[in-house]
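I have placed the structure first, in the form of structure tokens, so that the comments after it can refer back to it.
The values are calculated or read from the model by the stated rules, or taken from the named source; none is laboratory data. This is a predicted model, so every value here is computed, not measured. As a convention, Cβ positions derive from the backbone with ideal geometry for all residues, glycine included, and neighbour counts pool all protein chains shown. Remember, those area values only see protein heavy atoms, side chains included, never the ligands or the DNA or RNA. Shrake-Rupley method; radii C 1.70, N 1.55, O 1.52, S 1.80 Å.
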Amino acid sequence: MPEQDKRVVRTTLRCLRQDLAQEVGPDELKVALRTVVDDMAADPTYLLPCPLVDAEHAVIEKANLLATDEAAHRERIEALTDRYAIKVKTGDRRAALWQDEDGTWWLLAAGRRKNDTAGDFYREIERFSADATPIAPTDDDYRLQRLETAYEEECEAERAGHAEIVGAVLSAARVPASISTVDVFGAAVSVRIVPDEAGLAVLEMSWEFAEFDQQDRFPMDVLAMVPGRDDIDAWDYLPPRSNSDSPHTWYTYVTAEWVDHMATSAELDELLTNGDDWQPVNPSSDGSEHYSHLAKGSIVTLAYLTGIEITALCGASIVAHRDYERFPVCPTCQESLTLLRSLRNPEGA
Ligand SMILES: [Zn+2]
């Protein structure tokens, strides 16, 4: 995202609640702000319904522009002598922006311009001239910032683990009956896909824990990471064989088409090693909703994780998780796959 679209400014809870009162969006944040002080006191891990930087208000938007654009004209608020605060002006709105020692930008206070008459914002904050502590970020502001950072890192780790598991499923699909193992969340997770009769295959997942206290992550939330088998009822449990240290295993039946689809995605990762350059032969998304399309395993993984649209081999935009089984394979995707295979393997073997 371009630098100037980044949201970095944290508005203090005092400023949000008192100065901007009920003008802040989105709605769920506006509602939460009414009780945030009590909620934070009652729950040491309380988080607002959205990251604080996503608070919406005209002065917050303007403050983000000033904070992220190095070339922006920054005008000091001379009335505040104990810190270097910057004027934020938009319409008749005025605010004070300040960057702390750690580089975090804070919107300290906001008000309206009233032509130097009583109630004019920059006149009002003159009373904090020598000591702006009453409008500075509080312990609660800093605590919320630390919690949001920790939560963000946890989500990041969760997404990375999820991508590894989907990747293991793709590798397992590529080589039938092989075991594909990844280390995630303190366990070694193994995936195996064994062809069965009548167009079916058995998808097995097993795990062993490095640390016992990690085991409550399993199995449900890990099984739910398997694309197309995210309904827990689709799985059966196989206990460890007695007198052996074989792992706990869960399994489910999947269709051979599904396995094939996963295998092709994994194969495309290999065929398109520098494949960001791949251009569809006849780019078209005509009638694309009636076909099941092919895409690289790496971007399919991304699509499962985020639900975002990805570009299939034929150029169509698709949402990966609803697209693999119900429809015939897209002829343009199939043509491209055949072409890629023949380029890799000119003898046609
Ligand atoms: Zn296609």
Around Thr149 (Cβ within 12 Å, Cβ-to-Cβ, excluding Thr149; K/R +1, D/E -1) the net charge comes to -3
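With r as the distance between the Cβ atoms of Thr35 and Gln99 and R0 = 35 Å, compute the FRET efficiency 1/(1 + (r/R0)^6) and round to 0.05.
On the way: r = 29 Å, r/R0 = 0.84.
E(calc), rounded to 0.05, equals 0.75.
Kyte-Doolittle cut-off -1.0, length cut-off 15 Å along the helix's own axis using Cα: show which whole DSSP H helices in the chain pass. It would help to have the intermediate numbers written out before the result.
Numbers: long enough: 27-42 (22 Å, 0.27); 58-68 (16 Å, 0.92); 139-174 (53 Å, -0.70); 256-271 (22 Å, -0.25); 331-344 (20 Å, -0.21).
In the chain, the long hydrophobic H runs are 27-42, 58-68, 139-174, 256-271, 331-344.
On average, how much accessible surface per residue is there in the range 150-202, in Å², for a 1.4 Å probe, leaving out ligands, DNA and RNA?
Working: 2650 Å² over 53 residues.
Here the per-residue accessible area is 50 Å².
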For Arg241 and Asp221, what is the calculated FRET efficiency with R₀ set at 25 Å and r taken between the beta-carbons, to the nearest 0.05?
0.50
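What's the whole-number percent of alpha carbon pairs in the chain lying beyond 37 angstrom?
Details: 26847 of 60726 pairs.
The proportion of pairs with Cα distances above 37 Å equals 44 percent.
Is the shape of the range 153-256 best called rounded, prolate or oblate, per the rule: a/c under 1.5 gives rounded, else a/b larger than b/c gives prolate, else oblate, with a ≥ b ≥ c the square roots of the Cα gyration tensor eigenvalues? Write out the running numbers ahead of the final one.
Numbers: a/c = 1.71, a/b = 1.26, b/c = 1.36.
It comes out oblate by the Cα gyration axes.
Rounded to the nearest 0.05, what FRET efficiency do Thr90 and Asp27 give with R0 = 22 Å and r taken as the Cβ-Cβ distance? Could you check? Before the final figure, lay out the partial values.
Numbers: r = 22 Å, r/R0 = 0.99.
About 0.50, to the nearest 0.05.
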Considering only protein heavy atoms and a 1.4 Å probe, what is the carbon-and-sulfur percentage of the accessible area of the chain?
49
The range 3-137 - Kirkwood radius from inverse mean 1/r over Cα pairs (Å)
15.3
Simple spin-label estimate for Asp183/Ala42, 7 Å along Cα→Cβ, in nm, reads 4.3
Per DSSP H run of n ≥ 4, the term is -39500 (n - 2.57); total these for the chain, divide by its residue number, and report the mean residue ellipticity at 222 nm rounded to 500 deg cm²/dmol.
-10000 deg cm²/dmol
Difference of contour (0.36 nm per residue) and Cα-Cα distance, Leu65 to Asp82:
3.7 nm
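Could you give the accessible area per residue of the range 1-58, probe 1.4 Å, as a whole number in Å²?
Working: 3090 Å² over 58 residues.
Accessible area per residue: 53 Å².
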